[in-house]
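Written below as structure tokens is the structure these notes are about.
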Amino acid sequence: MRQPLPSDAISGLTVSRRRFLSRMAFGSAGLWVASAFPVRSAFGQSEVEGDFIVRQENPLNGEPALRALIKEFVTPTPLFYIRNHGNVPKIDPESFKLKIEGMVEQPGEFSLGELKERFPKAEGMATMTCAGNRRQEHSAFQKVGGVQWDAGAIGNATWGGVRLKDVIEYCKPKEGAAHLWFDGLDDVEVGGKTINFGGSIPLEKGMQDHDDALTSLIAWEMNGEVLTPEHGYPLRTVIPGYIGARSVKWLGRIVVSDRPSPNHYVATAYKVVTEDTPLALQEVAPIYRYPLNVAACDYSGGEDRDEITVRGYALPSGRVDTRIKAVEISTNGGRRWSRAKLIDEQRPYTWTRWEATVPVRGRTEQVMVRSIDTAGEVTPDRVDWNAHGYLYNGQHSLPIKSRD
Ligand SMILES: Nc1nc2c(c(=O)[nH]1)N[C@H]1C(S)=C(S)[C@@H](COP(=O)(O)O)O[C@H]1N2
Ligand SMILES: [Mo]
């Protein structure tokens, strides 16, 4: 076996934390639901049943079981994680209009029909991931609030709609415009008040257009079908390369501005802080791009304990030109690493699944994985704890059943 990356010594702290996690992964599986989501004919199989873990019922939050998540390159919609801060609003498509306001020469209101008629259809693939994906691993060190995600708050989908860029250009941004605010039509309780969920991105990000990559969208389709209510019907933004929180569901309004949105989910939440104080939160910029990530999701074989085949995903950091360079796996706590095989064609802003067959012994308790991307980013041994449990992207471990 080769060691293409510098070998990292694993501290006792990390190892014991991993052991703890190994047990936790089985102990806190959440509520399993068999039939909350109808099985769609497009995805055929009843395999979807029992593979979605509801982490919170109200508001509804859930993620797929990792062994189910890793089966398909494009995540079937019934398995795609759901992250809601408030209700799932019911929106009448007939009377619905998307408003564009703020620093534009031509403010506008567009019905669904007008959007479809006036702008060319755009489609493409992008992986979406919650900033809180793998929060359990932060919580294992010190409990943080929020939905206790395993590594399933991620999914890969095809998206269809119109380019955000086309709509914004049509409304003619004024000089000095630098940010786009996205307002959702949901109701969220925050500190005793009811607000809507909001997102924000730099205008330049919204205007970026690369030939081979998905451009930011105002989307009405996911995996070739109309968005489901949970995923934002009738419209959501899809901002490839950015944390899921910037892909605002039930999009009702876009404001063009010279500054980021004052919405709670931009100004206060979704920031990496170690101290949860108003000052610390003000001092830190909002999270936009997601980092490189990796997870080991499932394994097969090993009944005779000689060899197992492990499967998982790796997500390049959210830059348009970054690809996964390598995924490596260790069966002995990080002393030796061997290279996994990348399964899927590599595309911008998109995960690739990987597979590795490795020898195991009776005493092997877990496998560990790490990844490196073409920008030179490597998933770290461990990630500094932060108060809201965001952006965990350290080496990931998968427990292996011990032989009796
Ligand atoms: N209006 C609205 N948009 C939202 C949210 C929300 O609660 N309300 N959650 C955000 C977060 S934190 C994520 S990770 C993604 C999740 O999208 P999904 O539920 O379709 O997977 O939606 C984002 N858009
Ligand atoms: Mo999220």
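Every number here is computed from the coordinates shown, using simple stated rules; none is lab data. Note that the structure is predicted; figures quoted are calculated from it, not measured. Cβ: placed from backbone, ideal geometry, glycine included. Neighbour counts: every protein chain shown.
Scanning segment 164-202 for residues that are within 16 Å of ligand 2 (Cβ to nearest atom), assigned to a strand (DSSP E or B) and of a type in the set (A, V, I, L, M, F, W, C) yields F182, V188, V190, I201. Selection over segment 78-99 of residues that are polar (S, T, N, Q) and near ligand 1 (Cβ under 8 Å from one of its atoms) gives a count of 1. Within segment 105-148, restricting attention to residues that are of a type in the set (S, T, Y) and touching a residue at least 40 places away in the same chain (Cβ under 8 Å), the residue that is farthest from ligand 2 (Cβ to nearest atom) is S139. Go through segment 232-282 and count every residue that is free of Cβ contacts under 8 Å to residues at least 24 places away in the same chain, under 30 Å from P78 (Cβ atoms) and more than 14 Å from ligand 2 (Cβ to nearest atom). Going through segment 232-282 one residue at a time, the tally reaches 0. Just checking, does segment 133-141 include any residue being within 27 Å of the chain's Cα centre (by Cα) and over 20 Å from G312 (Cβ atoms)? Yes, segment 133-141 contains at least one residue that is within 27 Å of the chain's Cα centre (by Cα) and over 20 Å from G312 (Cβ atoms). Just checking, does segment 77-97 include any residue being buried (at least 23 other Cβ atoms within 10 Å of the Cβ) and away from ligand 2 (no atom under 16 Å from the Cβ)? No. The number of residues in segment 344-357 that are among the β-branched types (V, I, T) and within 21 Å of D321 (Cβ to Cβ) comes to 2. Tell me, please, whether a residue that is away from ligand 2 (no atom under 16 Å from the Cβ) and among the aliphatic types (A, V, I, L, M) can be found in segment 149-158. Looking through segment 149-158, none of the residues is away from ligand 2 (no atom under 16 Å from the Cβ) and among the aliphatic types (A, V, I, L, M).
Okay, residues lined up against (1) farther than 26 Å from L315 by Cβ; (2) away from ligand 1 (no atom under 13 Å from the Cβ); (3) surrounded by fewer than 24 Cβ atoms within 10 Å (Cβ to Cβ):
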{"site": "E225", "(1), (2), (3)": "no, yes, yes"}
{"site": "L235", "(1), (2), (3)": "no, no, no"}
{"site": "I239", "(1), (2), (3)": "no, no, no"}
{"site": "S247", "(1), (2), (3)": "no, no, no"}
{"site": "W250", "(1), (2), (3)": "no, no, no"}
{"site": "R253", "(1), (2), (3)": "yes, no, yes"}
{"site": "R259", "(1), (2), (3)": "yes, yes, yes"}
{"site": "V273", "(1), (2), (3)": "no, yes, yes"}
{"site": "A280", "(1), (2), (3)": "yes, yes, yes"}
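Just to verify a result, which residue in segment 200-215, among those that are under 14 Å from A126 (Cα atoms) and in contact with a strand residue (DSSP E or B) (Cβ under 7 Å, 6 or more places away or on another chain), is nearest to ligand 1 (Cβ to nearest atom)? By that ranking, first place goes to L214. In the set A151, A131, only one residue is under 25 Å from S257 (Cα atoms), buried (at least 21 other Cβ atoms within 10 Å of the Cβ) and within 16 Å of ligand 1 (Cβ to nearest atom); that residue is A131.
In segment 56-81, the residues that are of a type in the set (F, W, Y) form Cβ pairs under 9 Å with partners that are in a helix (DSSP H, G or I), at six or more places apart or across chains, as follows: F80/E230; F80/H231; Y81/L69; Y81/G244.
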